[in-house]
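Colleague: Below you will find the structure I want to go over with you.
The values are calculated or read from the model by the stated rules, or taken from the named source; none is laboratory data. Keep in mind it's a predicted model, so treat the numbers as computed, not measured. As a convention, Cβ positions derive from the backbone with ideal geometry for all residues, glycine included, and neighbour counts pool all protein chains shown. Just so you know, the surface numbers come from the protein's heavy atoms only, side chains and all, with ligands and any DNA or RNA stripped out. Shrake-Rupley method; radii C 1.70, N 1.55, O 1.52, S 1.80 Å.
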Amino acid sequence: MRTRPVRRRLAAFFMLLALPCATQAAEVSRADKVETTPGLSPKAIRKVFDSHRQTLAPCMRLVAYRTHTPKEGGPPRSEHFVWKPAPGEDDRLRLRFTLAPDGKLQKQPRTLQAADVQSSYLDDYCVATRMEKWPFPTFSGNPDERVQVELWARFRTTAAERKATLARIREDYTALCKAITPLSSDDRLPSPEDWTATLQRFLDERGPRMAPSIRSGVENMLHINIYDAALLLENSMDEAMGARIDCPRIRAWREIEPPPLRPQ
């Protein structure tokens, strides 16, 4: 069955952008305020955040999602679009999270993510995922004890930075399309071995400097069939840059009749 996203010297850190940027690079500020429940001091949490805050910079928001009803009528439609902050957009970042005695983040009941993230300029899922790798301190207590944390900081990006990042993402997708096109013809799927080897080679060559959302998408494509991978690729373009590049070979492969399932 087929199954259905501040300083100039820091600029290179953000996504390793290839395009020059005349404006200053954005920066996640040091924590403005930290509150904790008994078990850990605000100072201990502040130290971790201030040391790792710049790992959140690649989570800058580029694309947003909306649902609208067509003027001509019919069911609501959903779409991704390139996000632009409104004049005077709030640049505050608020994090709420829960720590167990072993220093591990606990899933939030509302979002099932590792942290409740409020930010206009940062993608919440990306931030929560990256925070899971931070070395938060441990504390004494029984296994059921928890420390609640609330932290405020600031983050803002410029239009030039977002434009440069989108250009780099488009470059990565274009390179991926170019890499998989020679694998087969329009009327024949590539072998699973060639498909996997090509994607792995692409990750080895470009992965460290790719946007996190693209890298994880390509990694997922390693483990699913080509039909679903083609759909995932197109959907990931929507989520990463609010548009799709034209990749005729992928489009052709999606039209090929899938082989019958083998009896178990």
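Colleague: Has the range 20-31 got any residue that is surrounded by fewer than 17 Cβ atoms within 10 Å (Cβ to Cβ), in contact with a strand residue (DSSP E or B) (Cβ under 9 Å, 6 or more places away or on another chain), at pLDDT 90 or above and not in a loop (DSSP other than H, G, I, E, B)?
Modeller: no
Colleague: Follow-up question, since we're still on this one. Can you tell me which of (1) touching a helix residue (DSSP H, G or I) at 6+ places or on another chain (Cβ under 6 Å); (2) at pLDDT below 85 is the one residue 36 doesn't meet?
Modeller: Checking residue 36 against (1) touching a helix residue (DSSP H, G or I) at 6+ places or on another chain (Cβ under 6 Å); (2) at pLDDT below 85, the one that fails is (2).
This table checks each residue for (1) out of contact with any Cys (no Cβ under 8 Å at 6 or more places or on another chain); (2) polar (S, T, N, Q); (3) within 25 Å of residue 123 (Cα to Cα); (4) open to solvent by 30 Å² or more (accessible area, probe 1.4 Å).
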| position | (1), (2), (3), (4) |
| --- | --- |
| 182 | yes, no, no, yes |
| 187 | yes, no, no, yes |
| 192 | yes, no, no, yes |
| 198 | yes, yes, no, no |
| 216 | yes, yes, yes, yes |
| 220 | yes, yes, yes, yes |
| 224 | yes, no, no, yes |
| 227 | yes, no, no, no |
| 232 | yes, no, yes, yes |
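Colleague: So, in the range 90-118, of the ones that are small (Gly, Ala, Ser) and under 19 Å from the mean Cα position of the chain (by Cα), which residue ends up surrounded by the most Cβ atoms within 10 Å (Cβ to Cβ)?
Modeller: Checking each candidate, the answer is 115.
Colleague: Quick one: which helices (runs of 4 or more DSSP H) lie wholly within the range 152-264 and hold at least 1 residues that are modelled with pLDDT of 90 or more?
Modeller: 159-180, 192-206, 226-241, 248-255
Colleague: Which condition number does residue 140 fail, the rest of (1) more than 21 Å from residue 240 (Cβ to Cβ); (2) part of a strand (DSSP E or B) being met?
Modeller: (2)
Colleague: Separate question: Inside the range 195-211, can you point out the residues that are out of contact with any helix residue (DSSP H, G or I) (no Cβ under 6 Å at 6 or more places or on another chain) and of a type in the set (Gly, Ala, Ser)?
Modeller: Within the range 195-211, 197 is the sole residue that qualifies.
Colleague: For the range 71-89, which residues satisfy the criterion of being closer than 28 Å to residue 154 by Cα, assigned to a loop (DSSP other than H, G, I, E, B) and open to solvent by 60 Å² or more (accessible area, probe 1.4 Å)?
Modeller: Answer for the range 71-89, where residues must be closer than 28 Å to residue 154 by Cα, assigned to a loop (DSSP other than H, G, I, E, B) and open to solvent by 60 Å² or more (accessible area, probe 1.4 Å): 84, 87, 88.
Colleague: Output the number of the condition that residue 169 fails; it satisfies all remaining conditions of (1) within 19 Å of residue 80 (Cβ to Cβ); (2) exposed (fewer than 15 other Cβ atoms within 10 Å of the Cβ); (3) aliphatic (A, V, I, L, M).
Modeller: Tallying (1) within 19 Å of residue 80 (Cβ to Cβ); (2) exposed (fewer than 15 other Cβ atoms within 10 Å of the Cβ); (3) aliphatic (A, V, I, L, M), residue 169 fails exactly one: (2).
Colleague: So, residue 61, is that one of a type outside the set (A, V, I, L, M, F, W, C), under 30 Å from residue 243 (Cα atoms) and touching a helix residue (DSSP H, G or I) at 6+ places or on another chain (Cβ under 9 Å) or not?
Modeller: yes
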